[in-house]
1. Does the range 257-293 hold any residues that are assigned to a loop (DSSP other than H, G, I, E, B) and within 16 Å of the ligand (Cβ to nearest atom), and which are they?
2. Output the qualifying pairs, or none if there are none: Cβ atoms under 8 angstrom, residues six or more apart or on different chains, first residue in the range 90-116 and more than 22 Å from residue 220 (Cβ to Cβ), second residue among the β-branched types (Val, Ile, Thr) and more than 14 Å from the ligand (Cβ to nearest atom).
3. I need every pair where a residue in the range 229-252 that is in the same structural domain as residue 125 (by TED's automatic domain parsing) has its Cβ under 6 Å from the Cβ of a residue that is more than 16 Å from the ligand (Cβ to nearest atom) and of a type in the set (S, T, N, Q), sequence separation at least 6 or different chains.
4. So is residue 305 part of a loop (DSSP other than H, G, I, E, B) and either in contact with a Lys or Arg (Cβ under 6 Å, 6 or more places away or on another chain) or of a type in the set (Ser, Thr, Tyr) (or both) or not?
5. From the list 306, 253, 274, which one is modelled with pLDDT under 95 and of a type in the set (A, V, I, L, M)?
6. Quick one: would you say residue 118 is modelled with pLDDT of 95 or more, in the same structural domain as residue 167 (by TED's automatic domain parsing) and more than 12 Å from the ligand (Cβ to nearest atom)?
7. Quick one: in the range 183-201, which of the residues that are farther than 21 Å from residue 299 by Cβ and in contact with a Ser or Thr (Cβ under 9 Å, 6 or more places away or on another chain) is surrounded by the fewest Cβ atoms within 10 Å (Cβ to Cβ)?
Amino acid sequence: MKCTGWARSNSEAHKDEMNNYTTKNIIILFSVSRFELIINNQSNPTRQDIIDKIAGVDALFWYSYERLDDEILDAAGSRLKVVATMTAGLNHIDIDAFKRRKIPLAYTPTVLNKAVADVAVLLALAASRRLRESRIHIEKGLWSGFGVQYLLGTDIENSTVGIVGFGGIGQTVAKRLKAFEVARILYSGHREKPEGKQLGAEFVPLDTLLRESDFVIVSAPLTDETKNMFNDSTFAKMKPTAVFVNIARGAIVDQDALIRALKNGTIFAAGLDVMEPEPLPIDHELLELPNCVLMPHIGCATFKTVAAVAELTARNIILGYENKPLLTPVY
Ligand SMILES: O=C(O)[C@H](O)CO
């Protein structure tokens, strides 16, 4: 049995990390199930690199945002029995192609909720307390000492926080926010969730959320409906003191509109773990904005979480190969 894994690591350090903390468990799991594991250690494999190497595998362990579609499934060939993506997001996958071919497909919801929610809170605090600007002040010698008006930020205590997309990650963010004694948690989405009441969160229309929130945190999946959902008109509805956080997918935001909103003071600040494109070019305008805190899409990147996500992916592959029900099937 052959299974191929594709890492998206783009630095030697990241690769070592993968090897030490993630691949070790996977190798053990696969070897006891008598899989031959072909590990791709190539930094930034191109689509063609992937296509060239996956012919004849029984399973794909997908750790990449490369589109997973008919072309890839054709390249893998008729032996392919199961595919598992090491992501909670599914926007890079043509799910219909899997359904048509009846190939089991697994993903990794839930296990990364806490790590990603932590990053949402981290970015909310970092942006509201002007972390990037503060660092610039120190580096450039602009720190002139104590000043009553110096680098004032906005408080999270007693604030209204709006969460757009109240799935597992959004709900975990709400749990964490309790510790900060926020005044209200609002959420929007397709429907009211039973967990909302338990968490003391109010289901409101998006416009209400935008108008009333001091922090707007996006944790919705990227779909045709959410693509560019944050644009000039959405930002215009937000408070000029609002902090915008995105830990979901960059394409949910019209990034040029966000840059305008940050430059013009339409909103106060932003914290982003995701952007477009990824990796962000080093001369991108987002990097020049003092009121924008950026992280390179590492929401789930803790040693423990990545290991758990990798293990779940491997277990799904083994189950799928043995024709058993997947732990976390996509469909
Ligand atoms: O979809 C996911 O799993 C997250 O974006 C982690 O990278």
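1. The first filter runs over the range 257-293 and keeps only residues assigned to a loop (DSSP other than H, G, I, E, B), leaving 265-268, 273-284, 289-291.
Of everything in the range 257-293, those that are assigned to a loop (DSSP other than H, G, I, E, B) and within 16 Å of the ligand (Cβ to nearest atom) turn out to be 273, 274, 275, 276, 277, 278, 279, 280.
2. 98/83; 103/82; 103/83; 104/82; 104/83
3. If the second residue must be more than 16 Å from the ligand (Cβ to nearest atom) and of a type in the set (S, T, N, Q), the pairs left are 235/266; 241/154; 243/128.
4. Working: part of a loop (DSSP other than H, G, I, E, B): no; either in contact with a Lys or Arg (Cβ under 6 Å, 6 or more places away or on another chain) or of a type in the set (Ser, Thr, Tyr) (or both): yes.
So residue 305 fails the test.
5. Values: 253 fails: modelled with pLDDT under 95; 274 fails: modelled with pLDDT under 95.
From the options 306, 253, 274, the qualifying one is 306.
6. Details: modelled with pLDDT of 95 or more: yes; in the same structural domain as residue 167 (by TED's automatic domain parsing): yes; more than 12 Å from the ligand (Cβ to nearest atom): yes.
It is true that residue 118 is modelled with pLDDT of 95 or more, in the same structural domain as residue 167 (by TED's automatic domain parsing) and more than 12 Å from the ligand (Cβ to nearest atom).
7. My answer is 183.
Listed here are the residues, each with its yes/no results for (1) among the hydrophobic types (A, V, I, L, M, F, W, C); (2) surrounded by 17 or more Cβ atoms within 10 Å (Cβ to Cβ).
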{"residue": "74", "(1), (2)": "no, no"}
{"residue": "98", "(1), (2)": "yes, yes"}
{"residue": "126", "(1), (2)": "yes, yes"}
{"residue": "129", "(1), (2)": "no, yes"}
{"residue": "136", "(1), (2)": "yes, no"}
{"residue": "146", "(1), (2)": "yes, no"}
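The values are calculated or read from the model by the stated rules, or taken from the named source; none is laboratory data. Only a predicted model underlies this, so the values are computations on that prediction, with no experimental measurement involved. Virtual Cβ from ideal backbone geometry, glycine too; neighbours counted across all protein chains shown.
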